[in-house]
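The values are calculated or read from the model by the stated rules, or taken from the named source; none is laboratory data. Here the structure is a predicted model, which means the values were calculated and not measured. Here the Cβ positions follow ideal geometry from the backbone for every residue, glycine too, while neighbour counts run over all protein chains shown.
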Amino acid sequence: MTTTESQSIQAIHRNAVGAPDDMERCPIASTYGPPRVQFVRGEGSYLFDRFDTKYVDFLSGLAVTSLGHSNPEVAAAISAQALRLQHVSNLFATEHNGVVASALDRAIGDGSPAGGQTFFSNSGAEANEAAIKLARKWGGRGRHTVLCAFRSFHGRTLATLHATGQPEKWEAFQPLPEGFKHAAWNDVADFERQLDDTVAAIFVEPVQGEGGVNPATKEFFQGIRALCDERGLLMMVDEVQTGLGRTGRWFGFQHFDVKPDVVTMAKALGNGMPIGACWSSAEASASWSGGDHATTYGGQPLATSAARAVLEIMERIDAPALSAKAGAKLTDAVMELPQVSGVRGLGMLLAVELVGYNAPAVAARCLEKGLVLNGVTPTALRMAPALTITDDQIDEGIAILVDVLEEMAPNGSTE
Ligand code: PLP
């Protein structure tokens, strides 16, 4: 990159984050690409930038704002809680934790109590850290390995980075904590080959989100469950992206008729308020003892007030059913486009394969035209709209995508 290019990227970055004009460099760390837009307001499936330009949101903050932006009931719950009690630490009980944990337990049991317990965290990676620690505690000394899938994504902390089956992301941060192995996605035989006496748990996503929106097969999930039963391993499922209605069921694993021992989640749980959770069955939970794990903020009142409102709304509107319906409409709409060769995913977590286009370039042009989505692979767009998106809003977003695909020649150049 030339100095001039680098300066102009810095300028775009600075401008987008609203840094002072006299600042030479952008004050935000460059771990993300330069943002092109600063959003200041959201309403349902619409976002507005600082010039009040409207965008249709097909991404929901990466599968987070499942109930739409600035959901009034969630906002009211957070503001009421903020005026009542903001924080006391986990040395004391607070109002919402038990209610939220019970609602999650019911959702995991698909309507009836599953009988497990929940540890609250602040993010998906931290929920997964809790799961990894639980697996080690449960396995005992020498039985500490967590077997994960290649192309998986479990987070960016050091342990979850090593759980993530994308070796290209490991390189700069070696040495990573030991105790992780990987096997081929959707390949039970390869998982079985990788087992040794050190393995305590198998950890998989129902749909690999960041890895390209690759759904698990029912045979794979059932095979992993059988393997875990045969060998006495914990089956742990990462539902950080797929959980809470996103796939058309409360949890992705429910598509496959299996019952996992550990389920992690985050994203949609707070509709944008940072909160994660690691649920474990009664048997697995028995491995936790006082002092094993803790967090200052996990499960704090503002976050759990949001989660409580989210779960109440989701139950009331039957969020999984909405997701299945809207996902089918979205799939049909994109499948009609001649530039699309296929759609994969479940419910409202979809990858749309384009023929001959560069997906990140298409996503960038869509943003300029008022549609938010992202390129999840070089050839596929990810769509993960709010579960509450309306049919008209889906049509509005698809119309922008059609415009962009017609305007751009295959391979990303503009005609
Ligand atoms: N696990 C999965 C499946 C995810 O998709 C993500 C984030 O995209 C994470 C874990 C990490 O979550 P967080 O970014 O909240 O740490």
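So the values come out like this:
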read-out: Qualifying residue in segment 24-43 (condition: at pLDDT below 80 and either farther than 20 Å from Ala364 by Cβ or not in a loop (DSSP other than H, G, I, E, B) (or both)); value: yes
read-out: In segment 288-314, the residues that are within 15 Å of the ligand (Cβ to nearest atom), surrounded by fewer than 20 Cβ atoms within 10 Å (Cβ to Cβ) and of a type outside the set (Phe, Trp, Tyr); value: Thr295
read-out: Scope segment 322-351; condition without any contact (Cβ under 8 Å) to a residue 60 or more places away in the chain, part of a helix (DSSP H, G or I) and among the aliphatic types (A, V, I, L, M); matching residues; value: Ala328, Met335
read-out: Entirely in segment 49-161, the helices (runs of 4 or more DSSP H) that have 1 or more residues that are surrounded by fewer than 19 Cβ atoms within 10 Å (Cβ to Cβ), of a type in the set (Gly, Ala, Ser) and away from the ligand (no atom under 14 Å from the Cβ); value: 72-84, 97-108
read-out: Qualifying residue in segment 310-323 (condition: within 28 Å of Asp392 (Cα to Cα), of a type in the set (Val, Ile, Thr) and in contact with a Pro (Cβ under 8 Å, 6 or more places away or on another chain)); value: no
read-out: Among the residues listed as Leu373, Leu346, Leu387, the single one being within 29 Å of Ala114 (Cβ to Cβ) and touching a strand residue (DSSP E or B) at 6+ places or on another chain (Cβ under 9 Å); value: Leu346
read-out: Asp197, sole failed condition from (1) loosely packed, with under 15 Cβ neighbours inside 10 Å; (2) closer than 23 Å to Glu239 by Cβ; value: (2)
read-out: Odd one out for Trp185, checked against (1) hydrophobic (A, V, I, L, M, F, W, C); (2) surrounded by fewer than 24 Cβ atoms within 10 Å (Cβ to Cβ); (3) more than 25 Å from Pro274 (Cβ to Cβ); (4) more than 14 Å from the ligand (Cβ to nearest atom); value: (4)
read-out: Pair list, Cβ under 6 Å, 6 or more apart: segment 84-96 residue in contact (Cβ under 8 Å) with a residue 60 or more places away in the chain, other residue assigned to a loop (DSSP other than H, G, I, E, B); value: His87/Gln300
read-out: Residue ID - nearest to the ligand (Cβ to nearest atom), chosen from residues in segment 263-287 that are within 14 Å of Leu67 (Cα to Cα) and assigned to a strand (DSSP E or B); value: Met273
read-out: Any hit, segment 218-229, residues being aromatic (Phe, Trp, Tyr) and away from the ligand (no atom under 14 Å from the Cβ); value: yes
read-out: Segment 255-283 residues that are under 11 Å from Glu239 (Cα atoms) and charged (D, E, K, R), paired with ones that are part of a loop (DSSP other than H, G, I, E, B) and within 12 Å of the ligand (Cβ to nearest atom) (beta carbon under 7 Å, 6 or more apart); value: Lys267/Val64; Lys267/Val240; Lys267/Gln241
